[in-house]
Structure formats: C-alpha cells, structure tokens
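**Q** Take a look at this one; I'll ask things after.
The values are calculated or read from the model by the stated rules, or taken from the named source; none is laboratory data. None of these values were measured; they are calculated from a predicted model. For neighbour counting, all protein chains shown are included, and Cβ atoms are generated from backbone atoms with ideal geometry for every residue, glycine included. These area figures cover heavy atoms from the full protein model, side chains too; ligands, DNA and RNA do not enter into them. Shrake-Rupley method; radii C 1.70, N 1.55, O 1.52, S 1.80 Å.
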Amino acid sequence: MPLHLQLAAMLLIGSTSAAAMAQGWIVDLTWRYEMQAGRTLRDGRTGPGGADTRISATADVKIVAEARGTMEFTGKLRGAAAVNMPDSRNEQRYDSWRFRGSKPAFAAVDIHSQFDEAARLNVADGEGANSINAERKGLAGRVQHTRYRYEVKAAGEDAGWFGDHADLQIDRVANKLMIINRIDLQLNRKVARPTLSYVKRMDKPAAAGEWDRSGADDEAWRTLPHFTPREVIEFDIPPGAEKFTLTRTYEASQLPDPLDSLGFPFPSDLRDPAKVRDKHHRGRATLTLNVRRSEAAAAPASAPGTQAAPATPAATPVQADSPQKNEPARPAQPSATDEAVDTVRKLRGLFGR
C-alpha cells in the first residue's frame, strides 16, 4: 500500500474523530437580582491627615437588575478547567470548554448609591495653599454636610453584553457542572449613562432633592457596585444528559454585600467591621441556566458539507445519462477512499482492535 494512502487514511480517521468530539455547550442564562444595603460609621472618626473630625457618615445602595443572554462555550480545554480537581488531566472524566469575546445580552438595571457625611472642619495644614484650604478659610469649627448620589437606569436588548471569558466544566464522575471565572455582564456605556449628584452645605444638611451639581459622569463607572455572580457556580446535573435546566435562588447571606465593591468617595472604613456601627443587607437573586449541547459545533465540516452535498447527487445523473463501458472498470481500480478504509481495517487488526 503506498505511503501516501496510509497517511490519507490516518488523516481521515483523525478528522472524523475530531469532528465527532468538537461539540461544546450552549448556556441560556437568566439572572434576576434585587438588593438593598446600608451602613453607618461610628462617630468621632478623624479624617485623612487629621484635618476633619467626622461626626456621622452613612451609605446606602439599592439595586434592581435583570440580565438575559446566551453564552456559547466552544473553545475546547483539556482536562479540568477548575484548579485542584482530582485526576485533573483525565479528559474522559472532564468535559471542559471556554467562552471568549462578547455576546449581546438583554439588561435592565436600576441602581442608586448614596453617601452622606457630616464633619467638623479643623484648621487645614498649609492654610490657603490649595483650593480646599482656600474654600475653608475662616471656617474652622464649622460643620460641613456633603452628599454624593450615583444613579444608572437602562433597559433594552443592547443595554449590555456578556464579556471577557468564562470556563464551563462538566465532571462525568461526580455529575456536576461548574462555571469558573465568573459571569461578567458589562453595561453598554452608550445606553447606560450613570449620573452623579453632589451637594455641600455648612451647618445644616441638604434638603431632599437639593443639589449643587447633577448630571452624567463617566467616572461614576468606578463607583457603581457589582451585581452579577462573581463566584464559582456549581450545580448537580443528570448523568449523561445532553440538555437540562438548572435553577437556584440565592438569599442575601449567600450574596456579597454591594457596599463592599463601591469606589471613591465611599471610604474604605465602610469595609472595616470595627468602624461600622449599624449595618443591614437584604435581598435575593435567582439564576436559571438552560444548558444544551452545541449542535452547530458538533460537526465543523457540516457547513461546507452542505454546500458540497449537491455534488454527490449530481454524480448519479452523470452515471445515468452516460452509461459508458468504463463503469465496469471502476471496481477493478479501487478508489483512494476504498484503499484508505482498507488500510484502516488492517491497522486496527495490527493493534488488536
């Protein structure tokens, strides 16, 4: 048997097995989240540099959000996707795939976070050296009330997308599904425009709805809290199933407090239990996953094959329209495919298969 036919047979086996194995998973995801949290800092806290003495400070967050979309895990990984898994290189046990890029998702968000502070002004170092000192000149001993409020509201099919990457792992021995590296919903900044409202008053709190400045603010993205799942997601699944639905409801105690993810001007003291006087955190979330095998990726050669398929039936009319005498000669000269198949059978016999 010529060497090139043996190589063709091996390539035929490899391409066929690769087409059969290259499948992946599709996950239709729905995430509903509702949360309300608040904290109050202890009195008498001294500000940075000892400049001001804080009298009171409170922070509040309220979030209502929903996201729906599809994640296609089509990048094959060898072995386990999660770390510290038993027998992690066993590709027969672990079916692992990667999602990359971005995928449009429906998103509806209504978020507001607010920080109120009252502090007694002391004499600033280097009085008059900068705008802050100039503003406070002659105001030592006065109480300054400040309030920051960040808001974002948006809804629509183009309000967000699933981005970055995530890994999906199915453990066939333990019958568990895991999604690693978080599910990252990114809001579309052209649709969801956060706003900042700011007010500062001396000796009296600001009245409701009274702001010195209010409007769109691109820097507010650094302040808004997280509301999508960022931990490893794990479910028990039916053994050997190719399609199933998973649902889980999370209580507030199972979800991170959104106040832990707020940026400036929310102080780091909010994350120090020793400096927090009062605290509340309530809400719930629901995650639903509709998981199924990827049919499109199950046979990568199917798309070109569907275009080439008419060529195969076309060969039948050609044989019928021109019944030449060269037809009986065809069995006498086996095709390369027949020889390749024959070679495969011989190779399997040599290896005892």
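**Q** Whole number please: convex hull volume per residue, Cα atoms of the range 32-115, in Å³.
**A** In the range 32-115, the Cα convex hull volume per residue is 218 Å³.
**Q** Straight distance only, please: which lysines reach the Cα of Lys279 with their own Cα at less than 17 Å, same-chain residues fewer than 8 apart left out?
**A** Straight-distance partners of Lys279: Lys62.
**Q** Report the normalised scattering of the range 181-243 as log10 I(q)/I(0) at q = 0.20 Å⁻¹, calculated by the Debye formula with identical scatterers on the alpha carbons.
**A** After summing over all Cα pairs, the log10 values are -0.93.
**Q** So who's got an amide H within less than 5 Å of the one on Arg93, skipping anything under 5 residues away but keeping other chains? H placed 1.01 Å off N, in plane.
**A** none
**Q** Here's a follow-up. What dipole magnitude, in Debye to the nearest 20, does the range 147-270 give about its Cα centre under +1 on Lys/Arg Cβ and -1 on Asp/Glu Cβ?
**A** Using only the charged Cβ atoms, the result is roughly 400 debye.
**Q** Indicate the gyration tensor shape class of the range 144-213 (rounded, prolate or oblate), computed on the Cα atoms with a ≥ b ≥ c the square roots of the eigenvalues: a/c under 1.5 is rounded; otherwise a/b larger than b/c is prolate and the rest oblate.
**A** prolate
**Q** Loop only per DSSP, at most 16 neighbouring Cβ atoms within 10 Å: give me the trypsin sites (Lys or Arg not before Pro) in the range 225-271, ordered by residue number.
**A** Hits after loop and neighbour filter: Arg230.
**Q** Send over a whole-number figure in Å² for the accessible area per residue of the range 65-106, probe 1.4 Å.
**A** Dividing the accessible area of the range 65-106 by its residue count gives 58 Å².
**Q** Which of the GluC sites (Glu not before Pro) across the range 63-112 are loop residues per DSSP, with 15 or fewer other Cβ within 10 Å?
**A** Filter output for the range 63-112: Glu91.
**Q** For the residue pair Thr70 and Glu135, what label-to-label distance in nm results when each label sits 7 Å from Cα along the Cα-to-beta-carbon direction?
**A** Inter-label distance under the simple model: 5.1 nm.
**Q** Rounded to the nearest 0.05, what FRET efficiency do Arg89 and Thr245 give with R0 = 30 Å and r taken as the Cβ-Cβ distance? Could you check?
**A** It comes to 0.45.
**Q** With a 1.4 Å probe and all protein chains left in place, how much of the accessible area of the range 167-217 comes from carbon and sulfur atoms, in whole percent?
**A** Of all accessible area on the range 167-217, carbon and sulfur atoms account for 48 percent.
**Q** Subtract the Cα-Cα distance of Val276 and Ser214 from 0.36 nm times their separation in residues, and report this length gain in nm to one decimal.
**A** Gain in length upon complete extension: 19.4 nm.
**Q** Restricting to DSSP loop positions (anything but H, G, I, E, B) with no more than 10 other Cβ atoms inside 10 Å of their own Cβ, which trypsin sites (Lys or Arg not before Pro) remain in the range 60-126?
**A** Sites meeting the loop and neighbour criteria: Arg89.
**Q** Let me ask you something else. Report ³J(HN,Hα) in whole Hz for each residue of the range 265-271, in order, from the Karplus equation J = 6.51 cos²θ - 1.76 cosθ + 1.60 where θ = phi - 60°; Gly and Pro get x.
**A** x, 5, x, 5, 4, 5, 9
**Q** Would you please calculate the Kirkwood hydrodynamic radius of the range 57-205 over all C-alpha pairs and express it in Å, rounded to one decimal?
**A** Computed over the range 57-205, the radius equals 19.8 Å.
**Q** With a point put 7 Å past each Cα toward its Cβ, work out how far Thr53 is from Asp269 in nm, to one decimal.
**A** Going by the 7 Å Cα→Cβ label model, 1.3 nm.
**Q** Please report, in whole Å³, the volume per residue of the convex hull around the C-alpha atoms of the range 179-305.
**A** Residue-normalised Cα hull volume stands at 194 Å³.
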